[in-house]
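A.B. asks: Here it is, the structure, as structure tokens.
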Amino acid sequence: MSRGKVTTNKIPYVYQRQKEREPRSCIRYKCCLLNTIVDVLRQRPGWTEVKDDGEWDFYWCDVGWLRENFDHIYMEEHVRICHFRNHYELTRKNFMVKNLKRFRKQLERESGRLEAAKCDFFPKTFELPAEYHLFVEEFRRNPGITWIMKPDGSRSDEQRDEIPVENYVAQRYIENPYLIGGRKFDLRVYVLVTSYTPLKAWLYRDGFARFSNTRFTLSSIDDQYIHLTNVAIQKTAPDYDPEKGCKWMIQQLRQYLLAKHGYTAVETLFQNIDNIFIKTLQSVQKIIINDKHCFELYGYDILLDEDLKPWLLEVNASPSLTASSQDDYDLKCRLLEDTLNVVDMEGRLTGKEKRVGGFDLMWNDGFVSRDDGQLDSINNGNFIANTHLGCINDRKKNLRHIMKAANKKSAAVQ
């Protein structure tokens, strides 16, 4: 029977469900990337790489392959692939903003302005050229404000050849970023979604802050080393030190903020960051084409301003898995290993876990409580969300516990 291959064969649903529940000792995978994910897949016990047109159980593909091939492939029940087919509703800048604006209006109609205000975490944004006149009106209304132009990421290479007009988003620039040592930074945080219907999302404990290499000033607005924190840009700076790099682990950032601002302010900040994850996913929940074969590891880029307000810059469907240092490589290996642990091709989990490795289940068709896992009301005074961003990641201890339970279950079945 075909696994992850074009075919017209059909498999009875009952047989598929039975097969899905059976633990698997051999997983056949494909991968079209050449970075950290390749090392993780090759080192995973029981996983075997297949080439060319071989049948596969798991495919870590790029979004280009998905766009061209998804609709032509029949996949058995257990097969998994690393993107939802219309992921771009969240990961293209123009679509993300459009969906957030629509969701904010929906919340205002249904729950009032106070609830809608929870979506005010993205800078004022216009899509060009479609909203050019609205942008000009806003520009004239607020002279002196700095705007940043970004490609919206919505067109393929083929379309760029055919259409001379490039689409952009014009976004209000955050002119008062939070600075450490006089330098600007943003956060890269990882969220794993395994289902949109119902919505099930996991937050990774690790992440990092990406720093600029040059002290911040608005007087040199054209200096990319001041204003852009991308590692690909910063490492080309003349005074860049590859040994020191330009990243902090998010645990280090959290400790710094605690020392400077205190527990209450930092807890509020991280709760507001949690809100960004949930509201963005809810904004596309009814639009994303849910498929039991799909999962998505999102890379969120978040900027803090001097008032400790978090701002969402963008959400990436293909966050960089190329390591810029040994620490970066180790983090991404842990992240990817735990992504595979949550996806659970081996069938080791019970489905009731609130934590798997470094991932914590933050949403399961509702908020998840840190204490008892019940879907409590967020208004409950005793509610503590099951999120631990920037906290200790003792993932090995958790994985040993999961493996011990899985081995007992396997022994009992035998």
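A.B. asks: Being modelled with pLDDT of 95 or more, in contact with a Lys or Arg (Cβ under 9 Å, 6 or more places away or on another chain) and within 23 Å of Trp65 (Cα to Cα) narrows it down to one residue among Leu340, Leu297; which is it?
C.D. replies: Matching residue, one of Leu340, Leu297: Leu340.
A.B. asks: Please count how many residues of region 253-273 are open to solvent by less than 40 Å² (accessible area, probe 1.4 Å) and in contact with a Pro (Cβ under 8 Å, 6 or more places away or on another chain).
C.D. replies: The number of residues fulfilling the criteria is 2.
A.B. asks: Kindly establish whether Tyr190 is of a type in the set (Phe, Trp, Tyr), open to solvent by 40 Å² or more (accessible area, probe 1.4 Å), touching a residue at least 12 places away in the same chain (Cβ under 8 Å) and in contact with a strand residue (DSSP E or B) (Cβ under 7 Å, 6 or more places away or on another chain).
C.D. replies: In short, no.
A.B. asks: Given the structure, is Asn275 in contact with a strand residue (DSSP E or B) (Cβ under 8 Å, 6 or more places away or on another chain) and at pLDDT 95 or above?
C.D. replies: No.
A.B. asks: Residues that are modelled with pLDDT of 90 or more and open to solvent by 20 Å² or more (accessible area, probe 1.4 Å): find the helices (runs of 4 or more DSSP H) completely inside region 76-162 holding 3 or more of those. Talk me through it step by step, then tell me what you get.
C.D. replies: Values: elements: 88-91, 93-111, 113-116, 132-141, 157-162.
Once the helices (runs of 4 or more DSSP H) in region 76-162 are filtered for at least 3 residues that are modelled with pLDDT of 90 or more and open to solvent by 20 Å² or more (accessible area, probe 1.4 Å), what remains is 88-91, 93-111, 113-116, 132-141.
A.B. asks: Within region 291-333, count every residue that is part of a strand (DSSP E or B) and either open to solvent by 40 Å² or more (accessible area, probe 1.4 Å) or under 18 Å from Gly358 (Cβ atoms) (or both).
C.D. replies: Within region 291-333, the first condition is being part of a strand (DSSP E or B), and the residues that meet it are 294, 296-305, 310-316.
Filter again for either open to solvent by 40 Å² or more (accessible area, probe 1.4 Å) or under 18 Å from Gly358 (Cβ atoms) (or both), leaving 296-300, 311, 314.
Residues that pass the stated criteria total 7.
A.B. asks: Another question, then. May I ask you to say which residue of Leu41, Leu33 is closer than 20 Å to Leu297 by Cβ, at pLDDT 95 or above and not hydroxyl-bearing (Ser, Thr, Tyr)?
C.D. replies: Leu41
A.B. asks: Sticking with this one: Which of the residues spanning region 44-75 are at pLDDT below 90, open to solvent by less than 30 Å² (accessible area, probe 1.4 Å) and in contact with a Gly (Cβ under 8 Å, 6 or more places away or on another chain)?
C.D. replies: If the condition is that a residue be at pLDDT below 90, open to solvent by less than 30 Å² (accessible area, probe 1.4 Å) and in contact with a Gly (Cβ under 8 Å, 6 or more places away or on another chain), then Met75 is the only one that fits.
The values are calculated or read from the model by the stated rules, or taken from the named source; none is laboratory data. Remember, it's a predicted structure, so these values are computed and weren't measured experimentally. Here Cβ is always computed from backbone atoms with ideal geometry, including for glycine, and neighbour counts include all displayed protein chains. Accessible surface areas use protein heavy atoms only, side chains included; no ligands, DNA or RNA. Shrake-Rupley method; radii C 1.70, N 1.55, O 1.52, S 1.80 Å.
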